[in-house]
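A short worksheet on the structure shown next.
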Amino acid sequence: KNAFTLIELVIVIAILGILASIAIPRFLDAQATARGSRILADMRTMESALSMYMLDNPVTATGETDAAVLVTGTRQYLPAIPAVPAGTALFPNGTELDLDSTATYKIYKHSSGITDIALSWGHYDLTIDTLTR
């Protein structure tokens with residue numbers, strides 16, 4: 001008769017289980033890396049918009065500024081402030097963050113006078129340099 005034995009079926013299921021245990025962690029890492037890449041791309045886009053905004057409106061205040069200035073007013077520099085994707089994000093420097101709905105983007109002025117876009121997460125303000133070096 002042409003049929004599979006129970007042992008053959010168990011061996012095939014075991015092999016499939018081993019392959020799945022190898023593939024699933026790699027898939028989850030790929031999702032985390034994609035989130036990190038999206039965050040960096042959003043921050044770079046916002047930095048370009050901030051540069052245009054600063055040419056029109058010099059930012060002289062110290063500390064943080066609401067990023068909403070890039071989407072409001074007579075001239076919109078961005079159509080909308082991007083949402084920070086929730087979940088684990090993995091960045092090129094190896095930093096891994098478990099982001100939730102409290103993470104936002106903000107305009108941050110360093111003590112050196114440089115104005116930058118930062119990912120605000122908890123008590124941290126993380127710039128592109130912080131996440132890539």
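The values are calculated or read from the model by the stated rules, or taken from the named source; none is laboratory data. The model shown is predicted, which means the values in this text are computed figures rather than measured ones. Here the Cβ positions follow ideal geometry from the backbone for every residue, glycine too, while neighbour counts run over all protein chains shown. Side chains included, ligands, DNA and RNA excluded: accessible areas come from the protein's heavy atoms. Shrake-Rupley method; radii C 1.70, N 1.55, O 1.52, S 1.80 Å.
Note that region 81-96 has calculated 3J(HN,Hα) couplings of 6, x, 7, 6, x, 7, x, 6, 10, 10, 10, x, 7, x, 5, 10 Hz, one per residue in order, obtained from phi through the Karplus relation 6.51 cos²θ - 1.76 cosθ + 1.60 (θ = phi - 60°); glycine and proline are x.
Between Gly122, Gly87, Gly73, the residue with the greatest mean-square fluctuation in the GNM of the chain (Cα pairs under 10 Å linked by springs) is Gly73.
Calculate what fraction, in whole %, of the accessible area of the chain sits on carbon and sulfur atoms when a 1.4 Å probe is rolled over the protein chains.
With neighbouring chains kept in place, the figure for the chain is 60 percent.
When a/c reaches 1.5 or more, the comparison of a/b and b/c decides; with that in mind, is region 5-44 rounded, prolate or oblate per its Cα gyration tensor? Here region 5-44 falls in the prolate category.
For the options Thr45, Thr72, Thr33, a Gaussian network treatment of the chain with springs between C-alpha atoms closer than 10 Å singles out Thr72 as fluctuating the most. Under the criterion of Cα pairs below 8 Å and six or more residues apart, the relative contact order for the chain equals 22 percent.
In the full protein context, the chain carries 66 Å² of accessible surface per residue, based on a 1.4 Å probe and ignoring ligands, DNA and RNA.
Among the listed values [x] 20, 19, 15; [y] 47, 15, 11; [z] 37, 13, 12, the one matching semi-axes √(5λ) of the Cα gyration tensor in Å as calculated from this structure is [y]. Relative to the Cα centre, the charge distribution of the chain, modelled as +1 at Lys and Arg Cβ and -1 at Asp and Glu Cβ, gives a dipole magnitude of about 360 debye.
Extension gain, Leu6 to Thr132: 0.36 nm times the residue separation minus the Cα-Cα distance gives 40.1 nm.
Straightening the chain between Gln31 and Arg75 buys 12.3 nm, computed as 0.36 nm per residue apart minus the Cα-Cα spacing. Counting only alpha carbon atoms, the long axis of helix 6-56 and the longest principal axis of the chain meet at about 10°.
Classify region 68-119: rounded, prolate or oblate, from the alpha-carbon gyration tensor (a ≥ b ≥ c, eigenvalue square roots; a/c under 1.5 rounded; otherwise prolate if a/b is larger than b/c)? It is oblate, given that a/c is not under 1.5 and a/b is not larger than b/c. Per-residue ellipticity at 222 nm, computed for the chain from helices alone with -39500 (n - 2.57) per DSSP H run of at least four residues, works out to -15000 deg cm²/dmol.
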